[in-house]
Amino acid sequence: QVQLVESGGGLVQPGGSLRLSCAASGNIVNINVMGWYRQAPGKQRELVATITNDGNTNYVDSVKGRFTISGDNAKNTVYLQMNSLKPEDTAVYYCNAVKWGLDYWGKGTLVTVSS
């Protein structure tokens, strides 16, 4: 089993920044990909960014140039640096890990972008 715990969400004004963290624990050997997804009210969950175990990253078009995903293997933690935040970025952000084809999810952290 893999446990994922997100932190770092909160209320921020448009144009502001936040950094989300996802701490992984448990049987984390052989995790292939980690990523961030988000779900806005009334919408389906969508992919935001992923990072593979060899450091390759991928982003949804709407966050390219604004968000950066990174990992710290020593701390078993993945980060999502979010800059130039927009109201449409408001959502619950979920951490995801894929291991042997199985998805593991955190409980989510709420990001609200509002003036």
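The values are calculated or read from the model by the stated rules, or taken from the named source; none is laboratory data. Worth saying up front: this structure is predicted, and the values here are computed from it rather than measured. As a convention, Cβ positions derive from the backbone with ideal geometry for all residues, glycine included, and neighbour counts pool all protein chains shown. What goes into the accessible areas is simple: the full protein's heavy atoms, side chains included, and nothing from ligands, DNA or RNA. Shrake-Rupley method; radii C 1.70, N 1.55, O 1.52, S 1.80 Å.
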In what sequence, largest accessible area first, do Glu88, Glu46 appear using a 1.4 Å probe? Glu88, Glu46
Relative contact order of the chain (C-alpha contacts under 8 Å, at least 6 apart) in percent is 37 percent
Could you give the size of the charge dipole of the stretch 35-81 about its Cα centre, using +1 on the Cβ of each K and R and -1 on the Cβ of each D and E, expressed in debye and rounded to the nearest 20? 220 debye
Would you work out which of Ala40, Ser21, Ile69 lies farthest towards the positive end of the dipole of the stretch 15-72, given +1 charges on the beta-carbon of Lys and Arg and -1 on that of Asp and Glu, about the Cα centre? Ala40
List the chymotrypsin sites (Phe, Trp or Tyr not before Pro) within the stretch 26-115 that DSSP assigns to loop and that have no more than 14 neighbouring Cβ atoms inside 10 Å. Trp100
Please arrange Lys107, Lys99, Lys75, Lys86 by accessible surface area, largest first, computed with a 1.4 Å probe and ligands excluded. Lys107, Lys75, Lys86, Lys99
To the nearest 20 debye, the stretch 23-115 has a Cα-centred charge dipole, built from +1 on Lys and Arg Cβ and -1 on Asp and Glu Cβ, of 160 debye
With the other protein chains left in place, how much accessible area per residue, in square angstrom, belongs to the stretch 1-105 at a 1.4 angstrom probe? 54 Å²
Points 7 angstrom from Cα along the Cβ direction at Thr57 and Arg45: gap in nanometres? 2.3 nm
Using heavy-atom solvent-accessible surface (probe 1.4 Å) with all chains present, what is the largest-first order of Arg38, Arg45? Arg45, Arg38
Whenever you get a sec, compute what percent of the accessible area on the chain sits on carbon and sulfur atoms (1.4 Å probe). 48 percent
Provide the FRET efficiency to the nearest 0.05 for the Trp100-Ser17 pair, computing r from the beta carbons and using R0 = 30 Å. 0.30
Does the stretch 1-44 classify as rounded, prolate or oblate by the C-alpha gyration tensor (a ≥ b ≥ c root eigenvalues; a/c under 1.5 gives rounded; else a/b over b/c gives prolate, otherwise oblate)? prolate
Through the Karplus equation 6.51 cos²θ - 1.76 cosθ + 1.60, θ set to phi - 60°, convert the phi angles of the stretch 105-115 into ³J(HN,Hα) values in whole Hz; use x for Gly and Pro. 10, x, 7, x, 9, 8, 10, 10, 10, 7, 9
